[in-house]
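Asker: Next up is a structure, given as structure tokens.
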Amino acid sequence: MAPLRIAVIVGSTREGRVGDRLAHWFVEQAARHDDLAVTVVDLTEYDFPAAYPAEPTASIRAFVREVGRADAFVVVTPEYNHSFPAPLKQAIDYAYDEWQAKAVGFVSYGCRSTGLHAVDQLRTVFTALHAMTVRDVVGIDLLAGEPTAQCTDELQRDVGVLLDQLRWWGLALRDGRAARPYVS
């Protein structure tokens, strides 16, 4: 069986962000599983236009191709003002059919809330796109330090649970799409 292709999307584009480090930390954890092919999709690597264009730009097409190639996703998102970053919403909106009938998990971070307000709002967005969000989340409280410094048994367990759920849903949905194309 082909490995499950997981795209880890770095949802923050702020200067000085920790999202890129958290994404790479998560990829290191996921790389221990031979049945997963994990790539990082960093929004800072795409030159998205400030306004939604009439025709997709090369950057938009490249991002949509990455979304289309993946079987499942892990969105690494901060919580800003009880929500998720605007550039992440912009990127999500550039794809549509490419999200459908695919599994989405979350690594979220913030101060005290561990980013769960952002995840709650992202669940609503991905539901509208016909994606399946998995139940459990890896939530990181930045006041306790980055996971590389606080790599606790609890965080390791949370990563394992997220990967198990993502693997199950990702494979089930991939098999389902192969047997019968998803129609919304």
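Asker: Of the residues that make up the range 109-123, is at least one touching a helix residue (DSSP H, G or I) at 6+ places or on another chain (Cβ under 7 Å), outside any loop (DSSP other than H, G, I, E, B), surrounded by 14 or more Cβ atoms within 10 Å (Cβ to Cβ) and in contact (Cβ under 8 Å) with a residue 60 or more places away in the chain? I'd like the intermediate steps shown before the answer.
Answerer: Start the filter on the range 109-123 by keeping residues that are touching a helix residue (DSSP H, G or I) at 6+ places or on another chain (Cβ under 7 Å), which leaves 109-112.
Those still in the list that are outside any loop (DSSP other than H, G, I, E, B) too: 109-110.
Restricting the remaining residues to those that are surrounded by 14 or more Cβ atoms within 10 Å (Cβ to Cβ) gives 109-110.
Narrowing the set further to residues that are in contact (Cβ under 8 Å) with a residue 60 or more places away in the chain leaves 109.
Scanning the range 109-123 turns up at least one residue that is touching a helix residue (DSSP H, G or I) at 6+ places or on another chain (Cβ under 7 Å), outside any loop (DSSP other than H, G, I, E, B), surrounded by 14 or more Cβ atoms within 10 Å (Cβ to Cβ) and in contact (Cβ under 8 Å) with a residue 60 or more places away in the chain.
Asker: Ok, one more. Filter the range 4-19 for residues that are touching a residue at least 40 places away in the same chain (Cβ under 8 Å), over 19 Å from G68 (Cα atoms) and not β-branched (V, I, T) and give the result. Steps first, answer last, please.
Answerer: Step one: filter the range 4-19 for residues touching a residue at least 40 places away in the same chain (Cβ under 8 Å), giving 4-14, 17-19.
Applying the additional criterion that residues be over 19 Å from G68 (Cα atoms) yields 12-14, 17-19.
The answer is S12, R14, R17, G19.
Asker: Sticking with this one: Just to be sure, is G105 of a type outside the set (S, T, Y) and crowded, with 20+ Cβ neighbours inside 10 Å? Can you show your working first?
Answerer: On the way: of a type outside the set (S, T, Y): yes; crowded, with 20+ Cβ neighbours inside 10 Å: yes.
Yes: the conditions hold for G105.
Asker: Counting only residues that are open to solvent by 30 Å² or more (accessible area, probe 1.4 Å), assigned to a strand (DSSP E or B) and under 27 Å from A179 (Cβ atoms), how many does the range 124-146 have?
Answerer: Residues that pass the stated criteria total 1.
Asker: Since D175 meets every condition but one in (1) without any contact (Cβ under 8 Å) to a residue 40 or more places away in the chain; (2) assigned to a helix (DSSP H, G or I); (3) touching a strand residue (DSSP E or B) at 6+ places or on another chain (Cβ under 9 Å); (4) surrounded by fewer than 20 Cβ atoms within 10 Å (Cβ to Cβ), which condition does it not meet?
Answerer: (3)
The values are calculated or read from the model by the stated rules, or taken from the named source; none is laboratory data. For clarity, every value in this text was computed on a predicted model and none was experimentally measured. Virtual Cβ from ideal backbone geometry, glycine too; neighbours counted across all protein chains shown. Surface areas here come from the heavy atoms of the whole protein model, side chains and all, with no ligands, DNA or RNA. Shrake-Rupley method; radii C 1.70, N 1.55, O 1.52, S 1.80 Å.
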